[in-house]
Amino acid sequence: MRYLALGDSYSVGEGAPESFADFVQRQTPDAEHQASGVRRPAFDRIATTGWTTAQLLAAIRAEPPTGTYDLVSLCIGVNNQYRGLPLDEYQREFAELVEIAIRYADGNPQHVVVLSIPDWGVTPFAEGRDRAEIGEAIDAFNRVAEAETRRRGAAWVNVTDDSRQHPNDVVADGLHPSARAHARWARLVTDQLQP
């Protein structure tokens, strides 16, 4: 089984020993080798902390992955929101990224899982900022992303609610999710993969 994770700091697991993508990789068995105990599928990641949708697109174009994948995850957009980039620009670029993810999933949208944008506005990092405004902006970005995801038949995984329920479950920077949070998100992802 081949797995491709596309995204930003959440796909990287900034500050945490493992990201949700690492947990998904570990939890997703390779059916052909499951009996022999080999559980780690081939794993590629195109993700960097701070990336926007435009930066992820540029990275994919600069060094496109080879072949197709049995699973592709996409988690991108928080940096668009954080930098105040236009929502319509995000929608265009995000839609293109979902199409790319489906192409890398051998044209099968059922093998693509898109994660919502977590709400960084509830974290200690956001102290002194307008948390309600941040939450509203993230909700707007997520509505766009969910609509584009569902329109194409890919799976939508809401991790925003989890981020709001566990605002202090972050690493030392007070912003990025802890390994515990990533493990919860991975369970939400793998639940989507059940037949």
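The values are calculated or read from the model by the stated rules, or taken from the named source; none is laboratory data. Being a predicted model, the structure only gives us computed values, none of them experimental. Virtual Cβ from ideal backbone geometry, glycine too; neighbours counted across all protein chains shown. Note: accessible area is taken over every heavy atom of the protein model, side chains too, but ligands, DNA and RNA are not part of it. Shrake-Rupley method; radii C 1.70, N 1.55, O 1.52, S 1.80 Å.
Looking at segment 163-193 only, could you name the residues that are at pLDDT 95 or above, more than 16 Å from Glu18 (Cβ to Cβ) and among the polar types (S, T, N, Q)? Listed by number, the residues that qualify are Ser163, Gln165, Asn168. Between Thr49, Thr68, Thr53, the distinction of being within 24 Å of Gly15 (Cβ to Cβ), surrounded by fewer than 20 Cβ atoms within 10 Å (Cβ to Cβ) and touching an Asp or Glu at 6+ places or on another chain (Cβ under 7 Å) belongs to Thr49 only. Scanning segment 159-195 for residues that are outside any helix (DSSP H, G or I), free of Cβ contacts under 8 Å to residues at least 24 places away in the same chain and open to solvent by 60 Å² or more (accessible area, probe 1.4 Å) turns up His166, Gln194, Pro195.
Going through Ile117, Ile138 one at a time, which residue ends up being under 15 Å from Ile76 (Cα atoms) and assigned to a loop (DSSP other than H, G, I, E, B)? Even if it seems obvious, please write down each step before you answer.
Working: Ile138 fails: assigned to a loop (DSSP other than H, G, I, E, B).
The conditions single out Ile117.
Under the condition of being over 26 Å from Pro86 (Cα atoms) and in contact with an Asp or Glu (Cβ under 7 Å, 6 or more places away or on another chain), the residues counted in segment 140-181 number 4. Taken together, the criteria place Glu18 among residues that are acidic (Asp, Glu) and either at pLDDT 95 or above or open to solvent by less than 60 Å² (accessible area, probe 1.4 Å) (or both).
For segment 120-136, the condition holds for no residue, the condition being that it is touching an Asp or Glu at 6+ places or on another chain (Cβ under 9 Å), under 27 Å from Leu193 (Cα atoms) and open to solvent by less than 20 Å² (accessible area, probe 1.4 Å).
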